[in-house]
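Student: Sharing a structure below in structure tokens format, with a few things to ask.
The values are calculated or read from the model by the stated rules, or taken from the named source; none is laboratory data. The structure displayed is predicted, hence computed values, not measured ones. FYI the Cβ positions are ideal-geometry reconstructions off the backbone, even for glycines, and counts take in every protein chain you see. Ligands, DNA and RNA are excluded from the accessible area calculation, which covers all protein heavy atoms including side chains. Shrake-Rupley method; radii C 1.70, N 1.55, O 1.52, S 1.80 Å.
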Amino acid sequence: MAGKAAILGGGIGGLTAANVLIRRGWDVSVFERSPAPPTTGTALGMWPQAISALDVAGVGPHVRDVGARQQRAAFLRPDGSVIGRVDSARRTAYLISRPALLDILVDGLPAGTVRFGEPAPDLGTLADFDVVVAADGTRSATRDVLFGSRYRPVPTGLTAWRGWIPGETTSVTETWGPGALFGITPREGGLVNWFAAVRSPVGVSDGVDLLRSRFGDWHQDVRKILEQIDPDTVLHHDLYESPKLPSYVHGNVALIGDAAHSMAPNLGRGACEAMVDAATLGRLLTEHAVPDALRRYDRARRRPTRRLVRASHVAGRIATARRWTGIRDVVVGLGSRFA
């Protein structure tokens with residue numbers, strides 16, 4: 001079956017959905033308030049499920065070509081000693097920056113599909129569309145209209161900084177210290193991606209000075225990053241997670257990605273799950289009438305993504321624990337041997 005779809009938001013989930021639906025004969029319009037795709041953004045991990053979703057969207061091979069392949073990772077202590085390692089060819093992932101991924105997704109669409117600089121219209125004006133896909137992010141206005149403000153995401157208790165520096169690395173590391181973590185990964189384009197998170201109340205405004213003070217006595221790889229940070233490239237924001245929604249659908253509207261299940265980034269699954277949402281929804285809309293497809297989508301995606309929201313929260317608390325870290329390290333070290 002095919003029809004006419006409005007997609008509200010031109011981020012990763014929305015553009016993946018557009019690619020999936022257009023390849024299945026749908027007439028698609030994507031409404032995106034930004035005037036153009038972003039030119040800044042840090043690396044995202046594309047796990048196997050996300051790569052499969054990108055294959056459904058027709059862009060998987062391009063992402064594999066552009067992205068940096070990841071098969072090995074290590075969890076470290078602030079002095080650089082190893083907590084545990086993960087080395088599994090069965091779970092190959094690719095690291096690619098948000099701008100590069102969005103460019104690939106936009107390039108996969110016919111010209112004019114994405115209406116840049118055009119905010120999403122009110123739901124009441126979209127009666128001509130068979131289905132509306134709400135991909136408008138953590139602060140989703142569509143979710144507010146459908147379910148009310150009490151379902152807005154809430155703070156995780158962590159604030160994050162992200163950025164990149166010139167250089168190359170083939171390793172992926174995440175260093176865990178009391179109340180904080182620091183990650184380093186490769187990314188395309190001759191750059192090294194980094195991210196940091198600290199347990200903190202909402203609204204901390206300190207930038208690079210806080211990072212250098214907080215992480216300045218950590219191991220050499222972290223200090224090298226801190227020495228080269230360009231403050232103009234640092235992205236800083238508080239982290240949020242969604243409360244349990246009663247449904248991911250309402251009428252002919254389906255919520256995908258952060259609009260439905262914003263989660264802490266500690267499992268690296270937020271962007272991935274948005275793409276899996278999009279591929280699942282697109283497949284179901286081509287196999288079933290819209291009402292049935294949306295019911296099936298809600299059943300398929302709400303429970304597993306809720307588990308990931310909870311698991312990501314727990315992972316963040318474990319990585320930034322202040323107590324019992326010795327026991328944690330033993331457990332994680334033993335568990336990583338079987339990953």
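Student: Taking a probe of 1.4 Å, how large is the accessible area per residue of the chain, in Å²?
Tutor: In whole numbers, the chain has 45 Å² accessible per residue.
Student: Next question. Excluding ligands and nucleic acids, what accessible area in Å² is computed for GLU118 using a 1.4 Å probe, to the nearest 10?
Tutor: Its heavy atoms expose roughly 70 Å² to the probe.
Student: If you don't mind, there's one more thing I want to ask. When a/c reaches 1.5 or more, the comparison of a/b and b/c decides; with that in mind, is region 244-339 rounded, prolate or oblate per its Cα gyration tensor?
Tutor: It is prolate, given that a/c is not under 1.5 and a/b is the larger ratio.
Student: Helix by helix through the chain, keep the DSSP H runs that span 24 Å or more along the axis on Cα and average at least -0.5 on Kyte-Doolittle, and give those back in order.
Tutor: Helices passing the filter in the chain: 270-287.
Student: Heavy atoms only, probe 1.4 Å: what % of the accessible area of region 1-54 goes to carbon and sulfur, would you let me know?
Tutor: 53
Student: Can you tell me the length gained on complete extension of the stretch ARG150 to VAL204, counting 0.36 nm per residue apart and subtracting the Cα distance?
Tutor: 17.0 nm
Student: Still on this structure, please answer the following. Among (1) 20.6; (2) 21.5; (3) 23.2, which one is Kirkwood radius over Cα pairs in Å computed from these coordinates?
Tutor: (1)
Student: Taking the simple approach of a point 7 Å from Cα along Cα-to-Cβ for both ARG322 and GLN49, what is their distance in nm?
Tutor: Label at ARG322, label at GLN49, 3.3 nm between them.
Student: Related question: Along the Cα→Cβ direction, 7 angstrom out, place labels at GLU118 and VAL331. What is the inter-label distance in nm?
Tutor: Those two pseudo-labels are separated by 5.1 nm.
Student: How far apart, in nanometres, would the label points at ARG91 and THR170 be if each is projected 7 angstrom from Cα along the Cα-to-Cβ direction?
Tutor: 2.1
Student: Among ALA43, ALA53, HIS236, whose Cα projects farthest towards the positive end of the dipole of the chain, with charges put on the beta-carbon of Lys, Arg (+1) and Asp, Glu (-1)?
Tutor: Towards the positive end, the residue furthest out is ALA53.
Student: A further question follows. Quick one: length gained pulling ALA127 to SER34 fully straight, 0.36 nm per residue minus the C-alpha distance?
Tutor: Full extension from ALA127 to SER34 adds 31.1 nm.
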